1. So V46 passes all but one of these: (1) at pLDDT 95 or above; (2) surrounded by fewer than 24 Cβ atoms within 10 Å (Cβ to Cβ). Which condition number does it fail?
2. Which condition number does F182 fail, the rest of (1) part of a helix (DSSP H, G or I); (2) crowded, with 20+ Cβ neighbours inside 10 Å; (3) in contact with a Phe, Trp or Tyr (Cβ under 8 Å, 6 or more places away or on another chain) being met?
3. Pairs please, first residue from the stretch 187-213 and of a type in the set (D, E, K, R), second anywhere and assigned to a helix (DSSP H, G or I), Cβ atoms under 6 Å, 6+ apart in sequence or on different chains.
4. Report, by residue number, each residue of the stretch 150-163 that is in contact with a helix residue (DSSP H, G or I) (Cβ under 6 Å, 6 or more places away or on another chain), more than 11 Å from G218 (Cβ to Cβ) and either surrounded by 19 or more Cβ atoms within 10 Å (Cβ to Cβ) or of a type in the set (S, T, Y) (or both).
5. Can you tell me which of (1) under 19 Å from the mean Cα position of the chain (by Cα); (2) over 12 Å from Y120 (Cβ atoms); (3) at pLDDT 95 or above is the one A23 doesn't meet?
6. If you go through the stretch 59-86 one residue at a time, how many are open to solvent by less than 50 Å² (accessible area, probe 1.4 Å), outside any strand (DSSP E or B) and either at negative phi or modelled with pLDDT under 95 (or both)?
7. Cβ contacts < 8 Å: first residue at negative phi and assigned to a loop (DSSP other than H, G, I, E, B), restricted to the stretch 40-55; second residue open to solvent by less than 10 Å² (accessible area, probe 1.4 Å) and among the polar types (S, T, N, Q), any location; separation 6+ or different chain. Result?
Amino acid sequence: MALPRRHLAAVGVAALASGAAVAAPVSLRAADGLAVTGEALSASRVPARGMVLLFHMAGSNLGEYATIAPAFARRGFDTLAIDQRSGGPGWGRRNETAARLPRDPGFMAAMPDLEGALAYVRERRPQGGVLVLGSSYSAALVFLLAAGAGASVSAVLAFSPGEYLSGVSVRAAASRVACPVFVTQDSDRAEQAGAAEILAVVPGRPRRQFNPVAGAHGASILREDRNPRGAAAAWSAVDAFLDEVAPA
């Protein structure tokens, strides 16, 4: 299903097109019209290997990717991280999108934010690869996003996915994802099993799962401050997947 074109703010366009190394503020519209705050960072090389959309976990914000987005930039990827409406303060900042609402509307309510971010970058790079990265609840949502977006999503990276969405089967959505998929999670066996069950039904190839010895929940597995013993190994697994799906 093709995503509709949206009215897109001009702020942040230069960050998606230039070689700037500093994250630039982005204002975009969710699929239902809500204003969504984001930050864009350009790759350290031109042309970029692709674009990575970064979606945070519950009670969080785009600050979750403060060290992760630059790491992707060094690997040759542009990034766009957003504040989803289901989130909160942390990482030394507030969630600007969530602050526009009187209360957290829940995980599924954030789906239009992910759709809006994908529409935003597809407007600017209709032919380039767009990888979507989810953390915890958004690792569930990225399967829904990819299932509905078809070729608009070139790969999925899901960090601690699970059946977190009331009344919605993530596994059913995963069974319609035709692109490559990478999953990882904490070292907890239950988390590993839950992620494996979702990955098992994905028809896309390659599909990879990294089971860490030392881990952390969600995208925090990639942060040395949250996963000092395991971040390097997690990045190695991500790098191997990226070399398969978006070779330098």
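1. V46 satisfies every listed condition except (1).
2. (1)
3. R207/L199; R208/F241
4. Narrowing the stretch 150-163 to residues in contact with a helix residue (DSSP H, G or I) (Cβ under 6 Å, 6 or more places away or on another chain): 152-153, 155-156, 158-163.
If we keep only those that are more than 11 Å from G218 (Cβ to Cβ) too, we end up with 152-153, 155-156, 163.
Within the stretch 150-163, S152, V153, A155, V156 meet the criteria.
5. Only one criterion is unmet by A23, namely (3).
6. The first filter runs over the stretch 59-86 and keeps only residues open to solvent by less than 50 Å² (accessible area, probe 1.4 Å), leaving 59-65, 68-73, 76-86.
Now narrow it down to the ones that are outside any strand (DSSP E or B): 59-65, 68-73, 76, 83-86.
Now restrict to residues that are either at negative phi or modelled with pLDDT under 95 (or both): 60-65, 68-73, 83-86.
Going through the stretch 59-86 one residue at a time, the tally reaches 16.
7. Sorted first by the residue in the stretch 40-55, then by its partner, the pairs are A48/S42; F55/Q84; F55/S135; F55/S138.
The values are calculated or read from the model by the stated rules, or taken from the named source; none is laboratory data. Computed from a prediction, not measured in an experiment: that's the story for all the values here. Cβ: placed from backbone, ideal geometry, glycine included. Neighbour counts: every protein chain shown. Please note that ligands, DNA and RNA were not included when accessible areas were found on the heavy atoms of the full protein model with its side chains. Shrake-Rupley method; radii C 1.70, N 1.55, O 1.52, S 1.80 Å.
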